[in-house]
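Working notes, structure below.
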Amino acid sequence: MSLTSAATLATLDRTGPRRITDLAAVEGVTQPAMTALVRVMEESGLVERRGDASDKRVTLVCLTEAGASYVRTRRQAGVHAFERLIGELTGDEVEALAAALPALKHLAELESQDREGPKR
């Protein structure tokens, strides 16, 4: 799976259903590229398109259960990788990493806000 596909699934998991144009802007790709990507993920059963109840002209891309499961599995694999790597650090390095956690959390929040843009 491409990084853009994985990032798009993660965005849908974090923010809920989105328009293709919103997803394209968040992921930094063109609308036609996102349309093609959504079509491939739809064929794979990871996403589906649904109408927007608040605006019948709008189609939203939604994560399926298979897509949500994929995101959870990737996140868990990342957690296990970090656990293994942190286990190889010295005590001082673990303390330094723990002390940096508030700043890292703030960076992640800023990045998430920047990537998500306005919610619909």
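Which members of the stretch 1-53 meet the condition of being charged (D, E, K, R) and either in contact with a Pro (Cβ under 8 Å, 6 or more places away or on another chain) or more than 17 Å from E65 (Cβ to Cβ) (or both)?
Of everything in the stretch 1-53, those that are charged (D, E, K, R) and either in contact with a Pro (Cβ under 8 Å, 6 or more places away or on another chain) or more than 17 Å from E65 (Cβ to Cβ) (or both) turn out to be R18, R19, D22, E27, R39, R50, D52.
May I ask you to verify whether E27 is within 24 Å of S112 (Cα to Cα), loosely packed, with under 12 Cβ neighbours inside 10 Å, modelled with pLDDT under 95 and not hydroxyl-bearing (S, T, Y)?
Spelling it out, it is not the case that E27 is within 24 Å of S112 (Cα to Cα), loosely packed, with under 12 Cβ neighbours inside 10 Å, modelled with pLDDT under 95 and not hydroxyl-bearing (S, T, Y).
Taking the residues in the stretch 66-112 that are within 13 Å of the chain's Cα centre (by Cα) and polar (S, T, N, Q) as candidates, determine which candidate is least open to solvent (accessible area, probe 1.4 Å).
Only one residue fits best here, namely S112.
Applying the selection to the stretch 49-65, what residues are surrounded by 13 or more Cβ atoms within 10 Å (Cβ to Cβ) and out of contact with any helix residue (DSSP H, G or I) (no Cβ under 6 Å at 6 or more places or on another chain)?
R49, D52, V58, T59, L60, C62, T64
Kindly list the number of the only condition in (1) in contact with a helix residue (DSSP H, G or I) (Cβ under 6 Å, 6 or more places away or on another chain); (2) open to solvent by less than 60 Å² (accessible area, probe 1.4 Å) that fails for D22.
(1)
The values are calculated or read from the model by the stated rules, or taken from the named source; none is laboratory data. All values reported here derive from a predicted model rather than from experimental measurement. No Cβ is skipped: glycine too gets one built from the backbone with ideal geometry, and neighbour counts run over all protein chains shown. With ligands, DNA and RNA removed, areas are computed over all heavy atoms of the protein, side chains included. Shrake-Rupley method; radii C 1.70, N 1.55, O 1.52, S 1.80 Å.
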